[in-house]
Amino acid sequence: MAGPAAEAAETGRPSSPRRATLPLAVTPACSGQETPASIEGPLFKPNSPTRGDLITSATRGVRIDLSGVVYDTTCTPLPETLIEFWQCDQNGDYDTSGFSLRGHQYTDSRGGYLLRTIIPRDYWGRWGRRAPHIHTQVQASGGPVLVTQLYFPDDTQAYGRDFAALNAADRLFNRACTIGLTGPKDGRYTGTFDFVITTTV
């Protein structure tokens, strides 16, 4: 495991598609405004496993089931869209020797995805105190890669941390990239986040 760190750019497109299957809202919302980009960081690793469930027997932390839809800027859902996720654990550490809390998947026929993971911890990095966040890359076939980070609401309860203070202190924090949370119920959160991406270079 390696702790926090800085952020630079590197891209890679994994293979071996796997499609999520989940129910979608009857009338999913879409603004048509592209999801804001952010820095990638130095801890991205290409060739992650194809999986939507990052939980293993060794995983600790507050669990979250995160789902949503990937749209283009005309609010058309995008099937077969690559989504890559990577994050630190409940201690603020990234796995740099293996692929814990790392994985990629492809959206289903309705543009939907489902990720089962944990809420990450805050940590100190090159940009100061980082609020809990999940790194993400999203790319339609042949399109540009959206690199962004997803954050958690101010009232999130995990690890005894003050998420409102952590969000306020993180200069990379973008409220437009905040996950919608419900719960916790039975120690688990349910989250939603819809991506809007550009499909042409």
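A few notes on this one:
- Just one of the listed residues (Glu84, Glu34) is surrounded by fewer than 19 Cβ atoms within 10 Å (Cβ to Cβ) and at pLDDT 95 or above, namely Glu34.
- Residues in segment 155-177 that are open to solvent by less than 60 Å² (accessible area, probe 1.4 Å) and either acidic (Asp, Glu) or within 20 Å of Leu54 (Cα to Cα) (or both): Ala158, Asp170.
- The set of residues in segment 171-201 being out of contact with any Phe, Trp or Tyr (no Cβ under 9 Å at 6 or more places or on another chain), in a loop (DSSP other than H, G, I, E, B) and closer than 30 Å to Pro79 by Cβ consists of Phe193, Thr198, Thr199, Thr200, Val201.
- Lone unmet requirement of (1) of a type outside the set (Phe, Trp, Tyr); (2) open to solvent by less than 10 Å² (accessible area, probe 1.4 Å); (3) in contact with a Pro (Cβ under 7 Å, 6 or more places away or on another chain) for Gly143: (3)
- Filter result for Thr56 (surrounded by 13 or more Cβ atoms within 10 Å (Cβ to Cβ) and modelled with pLDDT of 90 or more): no
- Boolean, Pro4 is assigned to a loop (DSSP other than H, G, I, E, B), modelled with pLDDT under 95 and buried (at least 16 other Cβ atoms within 10 Å of the Cβ): yes
Here is a yes/no grid of residues against (1) more than 18 Å from Asp53 (Cα to Cα); (2) surrounded by fewer than 17 Cβ atoms within 10 Å (Cβ to Cβ); (3) among the aliphatic types (A, V, I, L, M); (4) at pLDDT 95 or above:
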position: Asp65; (1), (2), (3), (4): no, no, no, yes
position: Cys88; (1), (2), (3), (4): no, no, no, yes
position: Leu101; (1), (2), (3), (4): no, no, yes, yes
position: Ile118; (1), (2), (3), (4): no, no, yes, yes
position: Arg129; (1), (2), (3), (4): yes, yes, no, no
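- Residue tally, condition among the charged types (D, E, K, R) and in contact with an Asp or Glu (Cβ under 9 Å, 6 or more places away or on another chain), over segment 81-107: 3
- Taking the criterion of being touching a residue at least 60 places away in the same chain (Cβ under 8 Å) and closer than 20 Å to Gly61 by Cβ, the residues of segment 180-201 that qualify are Leu181, Pro184, Gly187, Arg188, Tyr189, Thr190, Gly191, Thr192, Phe193.
- One residue from Ile39, Ile64, Ile55 being in contact (Cβ under 8 Å) with a residue 60 or more places away in the chain and either part of a strand (DSSP E or B) or in contact with a helix residue (DSSP H, G or I) (Cβ under 6 Å, 6 or more places away or on another chain) (or both): Ile64
- Residue in segment 147-170 that is modelled with pLDDT under 95, assigned to a strand (DSSP E or B) and in contact with a Phe, Trp or Tyr (Cβ under 8 Å, 6 or more places away or on another chain) present: no
The values are calculated or read from the model by the stated rules, or taken from the named source; none is laboratory data. Computed from a prediction, not measured in an experiment: that's the story for all the values here. All Cβ positions, glycine included, derive from the backbone under ideal geometry; neighbour counts span all protein chains shown. Ligands, DNA and RNA are excluded from the accessible area calculation, which covers all protein heavy atoms including side chains. Shrake-Rupley method; radii C 1.70, N 1.55, O 1.52, S 1.80 Å.
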